[in-house]
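What follows is a single structure, written as structure tokens, with notes after it.
The values are calculated or read from the model by the stated rules, or taken from the named source; none is laboratory data. Because the structure is predicted, anything quoted here is derived from the model rather than measured. Don't worry about glycine lacking a Cβ; one is built from the backbone with ideal geometry, like all the others, and counts go over all protein chains shown.
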Amino acid sequence: MLYSADFMSEVLVIGHRNPDADSICSALGYAEFKRLTGTANAVACRCGDTNDRINFILSNFKVETPRFVPDITPKVADIMRTRIEAANEDDTALDVLSAMDEKNIRVMPIINKAGELKGLVSVFKLCDYFLPARHRLGDTRRILGSLGNISRSLSGKILHSVNEDVQEDLILMIAAMKLESFSLRLQNFPPSKIVLVVGDRREIQETAILSKVRLIIITGGLAIDDDILARAKETGVSIIVSPYDSATSAWLIRSSVPIINMVHTDFTSFPPEMDLEDARSAAAESSQNTFPVLSANNLLGIFSKSDFMRPVDKQIILVDHNELSQAVRGAEQATILEIIDHHKIGALTTNQPILFLNEPVGSTSTIVADQFFKNNIALPPSIAGVLLSGLISDTLLLKSPTATPKDKVILDRLAEIAGVNPSELAEKLFASGSVLSIKAPADAILADCKEYIEDQYHFSVAQVEELGFSHFWDKKDILLEELYRHVQRHQYLFAALLVTDINTNSSYLLVRGADQYLDTIDNQKVEPYIYELAGVVSRKKQLLPYLLRCLSKMKIS
């Protein structure tokens with residue numbers, strides 16, 4: 001009955017949405033670096049799907065896929081208490097009241113053997129049962145339970161019982177009167193429902209047995225005459241000896257009711273994945289103070305209104321990006337501890353100083369690998385292979401204009417540690433799947449897509465790398481349609497897709513969006529919305545600066 005959010009008390013090392021190989025590889029590498037340098041709770045994560053190229057890398061170097069965390073917005077799971085004091089539906093009111101007193105809790109969930117929540121019981125509900133309002137004092141006679149539960153509540157000794165486990169609606173009667181008065185009173189109730197509390201008054205016992213009451217409780221641990229017991233057995237009257245006096249025995253008998261008869265079934269509950277702010281609003285409108293957390297009616301946790309005051313601190317390290325528009329959902333509500341990146345610096349602010357490593361190199365994997373080397377941390381061969389793959393993918397095996405001499409130095413050292421030939425790895429890596437042939441067009445335009453904000457303008461730029469353009473020409477029309485839908489759906493100024501041929505180091509650019517922006521693009525147009533970009537292979541260093549120049553021309557005009 002324990003449940004905890006995956007990322008409670010962990011440091012998530014996570015790349016951008018729609019991750020590429022460098023994003024995944026640098027997250028894996030930097031999480032390993034943090035663990036080896038003292039941050040034992042660092043975990044590599046991803047907030048988007050992998051692709052065939054990434055899957056090839058992970059499989060080739062036998063590294064597990066980073067955990068999928070699409071959203072780190074504070075959830076109900078982050079404040080719920082998972083060590084739950086719960087009672088079983090078969091427990092008695094006495095069992096529950098004793099547990100609540102021992103644990104000093106006011107509300108207790110009631111579950112069945114399968115862990116499903118049957119309802120809630122509060123101290124107020126129990127008080128109402130044991131101390132009813134004046135107009136309901138007659139209810140204190142009623143007992144819902146079994147002879148077995150009554151005996152257990154009394155810590156009694158069963159001398160004779162009939163169907164002791166059958167749940168019944170019984171009537172409590174205490175023989176604190178003369179025999180004549182008792183006999184008259186006995187006529188007011190069905191004998192088969194009467195539970196009689198009596199001491200060692202033989203004449204009362206005889207009369208009750210003659211009337212065939214359901215149960216006689218002998219109080220004070222007193223003995224019962226052998227002939228009386230024998231007569232009770234003959235007539236089917238059950239006999240239990242209680243060690244307590246009559247007043248205490250009567251209270252304990254009433255407390256033997258199965259708690260399932262006293263639960264609140266009309267209550268507000270929450271799923272663990274619900275956004276905390278939404279739950280806060282819903283809870284504020286409820287008169288409840290304590291709320292169960294359920295999944296398919298299984299009890300996972302519980303929280304009270306005061307738990308909303310507990311701080312929820314998600315700690316994250318961003319790799320391969322530094323803009324919230326590209327970060328995992330909810331990043332703005334998390335504590336960003338570090339940023340490791342090789343892109344231009346966006347408009348991101350933090351509440352405290354952080355480690356920000358930003359270098360003009362070809363890949364974030366280069367920066368991560370360099371941290372191992374600078375700090376003399378032994379790099380596991382499998383992680384070296386992963387970082388090498390990220391570097392090769394992002395620099396097109398150093399052919400991209402973003403590649404630097406430092407990338408070359410790091411590549412050679414990683415290849416030596418991993419024990420692989422970079423050229424052979426690159427050939428397998430780039431042949432590991434065509435995005436355009438494998439993914440649906442709607443998914444292809446998002447496979448490696450980043451959102452940008454420049455002044456008040458929002459736009460996205462995606463890139464896919466192919467071995468040749470054959471798949472591109474087959475799907476260009478529907479790719480353009482999906483780009484248009486993408487623009488409309490997000491209300492972008494424009495959306496661009498760069499399709500790059502790794503063999504020829506050239507690209508085609510597809511752009512849909514506002515006409516006033518499209519009019520600023522002066523590259524060779526081969527078809528409507530399609531432009532030829534010879535020698536352009538880098539989104540970061542070549543395409544994005546060009547698109548921003550076009551944006552500035554639009555603003556000037």
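Just a few scattered comments:
- Every test in (1) at pLDDT below 95; (2) surrounded by 21 or more Cβ atoms within 10 Å (Cβ to Cβ); (3) in the same structural domain as S23 (by TED's automatic domain parsing); (4) not hydrophobic (A, V, I, L, M, F, W, C) is passed by D320 save one, and that test is (1).
- The residues of region 231-268 that are among the polar types (S, T, N, Q), surrounded by 19 or more Cβ atoms within 10 Å (Cβ to Cβ) and assigned to a loop (DSSP other than H, G, I, E, B), listed by number, are S242, S255, S256.
- Looking across region 373-429 at every residue that is crowded, with 19+ Cβ neighbours inside 10 Å and charged (D, E, K, R), the one that is nearest to the chain's Cα centre (by Cα) is identified as D394.
- Failed item in (1) in the same structural domain as L379 (by TED's automatic domain parsing); (2) free of Cβ contacts under 8 Å to residues at least 40 places away in the same chain; (3) under 25 Å from R549 (Cβ atoms), with T402 passing the rest: (2)
- Some residue of region 441-462 being farther than 30 Å from L348 by Cα, in the same structural domain as Q542 (by TED's automatic domain parsing) and either exposed (fewer than 14 other Cβ atoms within 10 Å of the Cβ) or not polar (S, T, N, Q) (or both): yes
- The residues of region 271-327 that are out of contact with any strand residue (DSSP E or B) (no Cβ under 7 Å at 6 or more places or on another chain) and of a type in the set (F, W, Y) amount to a single one, F308.
- Listed by first and then second residue, the pairs with beta-carbon distance under 7 Å, at least 6 apart or on different chains, first residue in region 41-62 and of a type in the set (K, R), second assigned to a loop (DSSP other than H, G, I, E, B) and surrounded by 20 or more Cβ atoms within 10 Å (Cβ to Cβ), are R46/G15; R46/P19; R46/P66.
- Pairs linking a residue in region 120-146 that is at pLDDT 80 or above to a residue that is polar (S, T, N, Q), with Cβ atoms under 6 Å and 6 or more positions apart or on different chains, are L144/N261; G145/S256; S146/Q167.
- Hey, S437 part of a helix (DSSP H, G or I) and either small (G, A, S) or modelled with pLDDT under 90 (or both) or not: yes
- If the condition is being surrounded by 13 or more Cβ atoms within 10 Å (Cβ to Cβ) and either of a type in the set (A, V, I, L, M, F, W, C) or not in a loop (DSSP other than H, G, I, E, B) (or both), then region 528-538 contributes I530, Y531, E532, L533, V536, V537.
- Residues of region 292-305 satisfying the condition of being under 16 Å from P74 (Cβ atoms) and either touching a Gly at 6+ places or on another chain (Cβ under 7 Å) or modelled with pLDDT under 90 (or both): V293
- Identity of the residue in region 331-347, in contact (Cβ under 8 Å) with a residue 60 or more places away in the chain and surrounded by fewer than 19 Cβ atoms within 10 Å (Cβ to Cβ), that ends up nearest to T73 (Cα to Cα): Q333
- Residue in region 473-496 that is without any contact (Cβ under 8 Å) to a residue 24 or more places away in the chain, among the β-branched types (V, I, T) and not in a strand (DSSP E or B) present: no
- Elements of type strands (runs of 3 or more DSSP E) contained in region 26-143, each with 2 or more residues being more than 22 Å from the chain's Cα centre (by Cα) and surrounded by fewer than 21 Cβ atoms within 10 Å (Cβ to Cβ): 117-122
- Test set (1) more than 17 Å from D78 (Cβ to Cβ); (2) at pLDDT 90 or above - P272 fails condition number: (1)
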